[in-house]
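To keep things clear, I will list the structure first and then write my remarks on it.
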């Protein structure tokens, strides 16, 4: 009796579980094989599948509130399309711009398509469209740092030869600085000023930071803008003094010895006063150097020399005996102190490099 | 008291519905699998995770509201259980309200479950929530209140299949009413512009409740905006429930 019941249970197990399982697995295997066959017959082009959808305005309104999800999918397709075109021999990127615009029409706040779309388009040389897309993104996401960053890069690289490129790059560097925190904030404020000064646009720098001080809402940003304005004014003073020196030497027919001569000759009213304690001094070539402006250069030199001492100590197990030991041909190629009347000093006992008055 | 009894009964009945669990499981699977698309794309993975997670709450919540909601009254009439209820000293509006409250309690539970799972998942993936996340989930629920009211209305009027088709179509169109005021330039200034604008203000605008897009993109939304949308949703829902009551009171059962 028990044996019969066990056989019956076994049959039930076979009939109700094993057989359906086998049929299911076999079915999946068969349908999978058919799918593989179908794929072989017709090459799939998922990108075009998306492109043939009706225009993105209609799409946006008839997604049942899922326009963001569609934007995510569209962006995924755009990335795939870009990669595919990039790897193809005949890379034309014909649909790229349209795909990026469609993605952002579906989700106007989505930063990545603006950002990477801008990078892709700039990469294929479509700078104007790249800029326009990045600008559109900036209108929708005014607090984003990524978009000014890409615009800044566009003007520093692709469009660097265009007139005023440095000025525009400087403007975007300032925008980046306004939007980020941490160490790089200061670096971008400095960069925005240096880009203007690099092109001798001292007046533009003063004007730009004066406006920035007036318009900054954030106290930290305003303080930074004030600091940059102060440095730009120092640069302007250096420029004015150098012009006065050239005029003075032409007038008196000899080289200037001290800046006070400019005051005596009535070319300037007084040597400008720096509230931060900076001084204006003449270098060997009779060019004016401001000690505050020279400070970052000195800092850089000291850090670099300190690094070299550290490397030497690691390799030799002791401090170098002299400058020449860690900076071969020091006199010829070694760094000079950026401020006239001062020089670099090295202490072999402590291994510290600093500076002193001559 | 009578409304509460009907609501409690509706809730108990609906929570036993297998469709509910199926939809809930699909919703949770969507939330958890959202990372796949984020992983395959370039850029902010968290944005895509947040998009899909909150969209899942919205979509699967709406499906529950539609499929359970359109059955609510119809089922009672079809199975003739309605006679045992309306033969008692109970007003018909109490019956409709009780049914509605039972279903929205169920939706509150499902939205809460999906909302918590989604929140945990976003935080686990390194994202942050903020007040706007909870406001986004609250507004999704508020949208579901409106959709449920429409489902209950349709449930008093027609069969569940037809009702579900109508409500789902209204759900899609309700998110796209913006097109009525986003007209081409050559239509501007014509009588058509005024007509479309009038239709726009009459139809429910469900996209009002979708601030999860702003959340996913890190855009700030004022609390006032959220409150006014809740007021809008509450008014529209009340209107639909009133209509449902009217229809049911005049129904020959």
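The values are calculated or read from the model by the stated rules, or taken from the named source; none is laboratory data. Just so it is clear, the structure is predicted and the values come from calculations on it, not from any experiment. No Cβ is skipped: glycine too gets one built from the backbone with ideal geometry, and neighbour counts run over all protein chains shown.
Below is a table of values for the structure above.
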| quantity | calculated |
| --- | --- |
| Qualifying residue in the range B:190-203 (condition: surrounded by 18 or more Cβ atoms within 10 Å (Cβ to Cβ) and under 22 Å from the mean Cα position of the chain (by Cα)) | no |
| Qualifying residue in the range A:99-117 (condition: under 30 Å from residue A:62 (Cβ atoms), assigned to a helix (DSSP H, G or I), without any contact (Cβ under 8 Å) to a residue 60 or more places away in the chain and away from chain B (no Cβ under 14 Å)) | yes |
| Residue in the range B:61-69 that is under 18 Å from the mean Cα position of the chain (by Cα), more than 12 Å from chain A (Cβ to nearest Cβ), closer than 24 Å to residue B:209 by Cβ and surrounded by fewer than 24 Cβ atoms within 10 Å (Cβ to Cβ) present | yes |
| Helices (runs of 4 or more DSSP H) completely within the range B:87-189 that count 3 or more residues being within 14 Å of chain A (Cβ to nearest Cβ) | B:130-157, B:160-174 |
| Subset of the range B:1-14 (residues that are surrounded by 14 or more Cβ atoms within 10 Å (Cβ to Cβ) and more than 17 Å from the chain's Cα centre (by Cα)) | B:2, B:3, B:6, B:7, B:8, B:9, B:10, B:13 |
| Residue list for the range B:219-228, restricted to those being in contact (Cβ under 8 Å) with a residue 60 or more places away in the chain and within 11 Å of another protein chain (Cβ to nearest Cβ) | B:220 |
| Selection count where residues are over 24 Å from residue B:50 (Cα atoms) and either modelled with pLDDT of 65 or more or assigned to a helix (DSSP H, G or I) (or both), scope the range A:33-56 | 14 |
| Identity of the residue in the range B:203-218, assigned to a loop (DSSP other than H, G, I, E, B) and facing chain A (nearest Cβ under 10 Å), that ends up farthest from residue A:109 (Cα to Cα) | B:210 |
| Criterion: surrounded by fewer than 22 Cβ atoms within 10 Å (Cβ to Cβ), more than 30 Å from residue B:93 (Cα to Cα), touching a helix residue (DSSP H, G or I) at 6+ places or on another chain (Cβ under 8 Å) and modelled with pLDDT of 85 or more - qualifying residue of B:48, B:42, B:28 | B:28 |
| Residues of the range A:57-83 that turn out to be more than 26 Å from residue B:60 (Cβ to Cβ) and either at pLDDT 70 or above or more than 8 Å from every other protein chain (Cβ to nearest Cβ) (or both), as a count | 6 |
| Flag for residue B:240 being at pLDDT 90 or above and more than 14 Å from chain A (Cβ to nearest Cβ) | yes |
| Selected residue (only one of B:151, B:156 is closer than 12 Å to residue B:73 by Cβ, touching a helix residue (DSSP H, G or I) at 6+ places or on another chain (Cβ under 9 Å) and at pLDDT 90 or above) | B:151 |
| Selection count where residues are part of a helix (DSSP H, G or I) and away from chain B (no Cβ under 12 Å), scope the range A:119-144 | 15 |
| Checking residue A:284 against (1) surrounded by fewer than 18 Cβ atoms within 10 Å (Cβ to Cβ); (2) farther than 30 Å from residue A:245 by Cα, the condition it does not meet | (2) |
